[in-house]
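The values are calculated or read from the model by the stated rules, or taken from the named source; none is laboratory data. Note that the structure is a prediction, hence the values are computed from the model and not measured. Virtual Cβ from ideal backbone geometry, glycine too; neighbours counted across all protein chains shown.
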Amino acid sequence: MASPTASQKYLSTRGGSYGFTFEATVLKGLASDNGLFIPEEIPTPPAGWQETWKTLSFQDLAYEIFSLYISSDEIPASDLRELITRSYSTFRHEDITPLNTIIPDENFHVLELFHGPTFAFKDVALQFLGNLFEYFLIRKNKDVKEGEGKRHHLTVIGATSGDTGSAAIYGLRGKKDVSVFILHPKGRVSPIQEAQMTTVLAKNVHNLSVVGTFDDCQDVVKALFSHPELSKSHNLGAVNSINWARILAQIVYYFHSYFTLLRRLPAGSVPIIRYVVPTGNFGDVLAGYYAKKMGLPIDKLVIATNENDILDRFFRTSRYEKHPVSPEEEGGEGGLAAEGVKATLSPAMDILVSSNFERLLWYLAYEVETPNATNKDQKRAQAGSVLNEWMTSLKKTGTTVVSEDVLNAAKRDFTSERVSDEQTVQTIRHIFTTPPSAPYILDPHSAVGVAASLRLIKAPQTAGQENVHHISLSTAHPAKFNHAVDLALTGVSGGEGVGEYDFEKMVRPQEFLGLEAREKRVRGVERADVELIRQAIIEGLEKEGAGE
Ligand SMILES: *Cc1c(COP(=O)(O)O)cnc(C)c1O
C-alpha cells in the first residue's frame, strides 16, 4: 500500500500562484497567469517499490502512483480505486498497455497504448479524466437538492484535428453535470475519426463541424475561454494535453512496461532502457520524465518528431524556435504552409510549438538558472520568472534561446530524432515485410517512433551492448490512419506465407465495421466565428437541459 501523501499541492510554471489542490488543477486546466500546473514536489515511491510493485496490475500500479500525486484528503483511497477500475474497464486488453517484443534479437519492444475505446493512446488519460470531472461535480452537487439552487455544471470546450476529440468524447459521454463541445474543421479530419466523434449520440456530447482549419477552431476555443460573458456565466473546462491529470495518467505505463520487461528477463538482469516516444505536444514523453524523476531507471527518453521538428531543432541548436526557415524559403519545395505547420502522414504530431514543453523548461530553469537562491521558495520564484521571460520571448519573437548549461541539463534525460514522411512509410513497410516482426502493422505515428528506434539500435554506441532495450510507444491503431498504412503497404507482401496486405482482413477492427454509416449527431457552423460558435454552445446547452 502506498502511504497516503501528506498533502501534494500544485504550482503554476509562470511563478504567480502556489498551493493549488489537485481538484483545482484538474478543473481549471490552465493557471490564471497562463502557466501550466506542476506538482510542488515530484514524489518518490515508498522504499522497496522495486519489489513491492513488481507484479502489480496496471490498475494497482495506477493506484500506487496516483496516490503520490493526489492527497487522500482530496480523494479517499476507496474512491480513487473505484475511479481507476472504472476508467480502465473500457480497455480491450487485460494488460491495458501490453508490451509486444517485435524484434527479440535487438531487444526491441513496442508498447501498445491503443487498446482503449477510440484506438489511440489518448484514451489512457481521457477515460480517467472524464471520470474525475464527474466525480468532482457529483461531490460539489451533493447538497444541491433537485430543483433547488443551481447545480455545478462543467462545459468542456475543445478543438481537435482528430484524436483528442474522439478520445475526449468517449471519456465524457453520458457523464453527469458535464457537457462537451468539440469543434473539428469540416472535411479535414479523417473519415474514421469524424465517424468516431459524430456517431456518439449521448445528449451531453455536441459536435460542431466548422468550416475552416484546425487552427481557426483552436483560435475560437481560446477566445471563448476568455470571453467576458461565456467565461462568467459558465464553468469552462479543458481537456487538451496541458491538463495535469492527463500527464499523471500517462506515467503509469512507463512503470508498468518496465516491470513487464523485467519479468521477461533472466532474474537479476539490469537492462538499460530507452523509451522512444512519437511526440507532438510533449505530453506523452513528459510523463516519462516524471517517471524517471520518480526513480524509474530510464537511460534516455527519445523524442521522435515528424517533419514538424521544433523539439529536434531545440536539441541540436538550443533554440526553441517556431519557424525553422527564413521567409524567402517559405512556400518553396518542402517549405512551410502559410501558418507554418506542415501536414504530414502523422497528423496528431503536426504542431508548431509543444505546449507541454513549458513544464520541462520550468524544471530546467529551476535546476540551472537559480544559482543565487537560498531556499526552495526563492528557487521556485526565480524559475517562474526565468520561464516567463522565455515564454514571452517565444510569443513576441517566435524564438527562445537557452544557455548551453540548460541544453546540457536537458540532454541528460532526453535525446531527439526527426523522421520524415518517407522514412515513416519505409518503416511501416519494413516492419510488415521483414521477419521476425512481419506481418506486424504500425500506424504512421508509431512508425515515427520505430524509425527513430531502429536508427538508435544501429548506432555505433549501441551496437554490441547486449543489455540495451528500446521500448517504442505505439500511440494509435493502424486502422485509424489507414491512408498512410495503405500508402505504405498496398500491393506489398508480408514475408513468408503471409500474403499481400489486406486492410479489411489484417487491420480493420470489428468496432469500425459500418461505423461511417451509423446515425450521426453533428451541427454545422459556416464560419470559425466566435459569436456563431458561442451561440451554438448556448443553444446546445439549452437543448440538453443544462443551460442556465
Ligand atoms: C496526440 C498523439 C501523439 C502526440 O502525443 P503528445 O503527447 O502530444 O506528444 C502521437 N500519436 C498519436 C496517435 C496521438 O494521438
*asked:* Can you tell me how many residues within the range 256-294 are crowded, with 22+ Cβ neighbours inside 10 Å, over 24 Å from Glu358 (Cβ atoms) and out of contact with any strand residue (DSSP E or B) (no Cβ under 6 Å at 6 or more places or on another chain)?
replied: 2
*asked:* Of all residues being in contact with a helix residue (DSSP H, G or I) (Cβ under 9 Å, 6 or more places away or on another chain) and more than 23 Å from Met349 (Cβ to Cβ) in the range 459-489, which is nearest to the ligand (Cβ to nearest atom)? Just the residue, please.
replied: His469
*Select, from Leu473, Leu513, the only residue that is modelled with pLDDT of 95 or more and aliphatic (A, V, I, L, M).*
Leu473
*Does the range 511-518 contain any residue that is surrounded by 14 or more Cβ atoms within 10 Å (Cβ to Cβ), within 30 Å of Ile272 (Cα to Cα), within 16 Å of the ligand (Cβ to nearest atom) and of a type outside the set (Ser, Thr, Tyr)?*
no
_Phe503 vs. criteria away from the ligand (no atom under 15 Å from the Cβ), over 18 Å from Glu106 (Cβ atoms) and surrounded by fewer than 23 Cβ atoms within 10 Å (Cβ to Cβ)_ = yes
*Go through the residues of the range 206-213 one by one and say whether even a single one is in contact with a Leu (Cβ under 7 Å, 6 or more places away or on another chain) and under 22 Å from Ala120 (Cα atoms).*
yes
*Residue match in the range 347-357 (condition: within 15 Å of the ligand (Cβ to nearest atom), part of a helix (DSSP H, G or I), at pLDDT 95 or above and closer than 24 Å to Ala31 by Cα)*: yes
_Where the second residue is outside any loop (DSSP other than H, G, I, E, B) and among the acidic types (Asp, Glu) and the first is within 20 Å of Phe119 (Cα to Cα) and lies in the range 473-499, which pairs have Cβ atoms under 6 Å and are six or more apart or on separate chains?_
Ser474/Glu112
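Would you check which residues across the range 121-175 are away from the ligand (no atom under 16 Å from the Cβ) and among the hydrophobic types (A, V, I, L, M, F, W, C) and list them?
Within the range 121-175, Leu132, Phe133, Phe136, Leu137, Ile138, Val144, Leu154, Val156, Ile157, Leu172 qualify.
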*What do you reckon, is Thr101 surrounded by 19 or more Cβ atoms within 10 Å (Cβ to Cβ) and among the polar types (S, T, N, Q)?*
no
*Do we find that Val221 is modelled with pLDDT of 95 or more, over 14 Å from the mean Cα position of the chain (by Cα) and within 21 Å of Arg188 (Cβ to Cβ) in this structure?*
no
*Selected residue (criterion: surrounded by the fewest Cβ atoms within 10 Å (Cβ to Cβ)) from residues of the range 295-321 that are among the hydrophobic types (A, V, I, L, M, F, W, C) and part of a strand (DSSP E or B)*: Leu301
_Condition check: out of contact with any Asp or Glu (no Cβ under 7 Å at 6 or more places or on another chain), among the hydrophobic types (A, V, I, L, M, F, W, C), crowded, with 17+ Cβ neighbours inside 10 Å and over 30 Å from Glu307 (Cβ atoms). Does Leu224 satisfy that?_
yes
*Quick one: how many residues across the range 60-109 are over 30 Å from Leu454 (Cα atoms) and among the basic types (Lys, Arg)?*
2
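For the range 41-141, which helices (runs of 4 or more DSSP H) that fit wholly inside it have 2 or more residues that are under 23 Å from the mean Cα position of the chain (by Cα) and not hydroxyl-bearing (Ser, Thr, Tyr)? It would help to see each step written out before you state the result.
Numbers: elements: 49-52, 58-69, 77-88, 122-140.
Passing ranges, in order: 58-69, 77-88, 122-140.
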*Quickly run through the range 358-392 and pick out the residues that are over 19 Å from Phe314 (Cβ atoms) and outside any helix (DSSP H, G or I).*
Thr370, Pro371, Asn372, Ala373, Thr374, Asn375
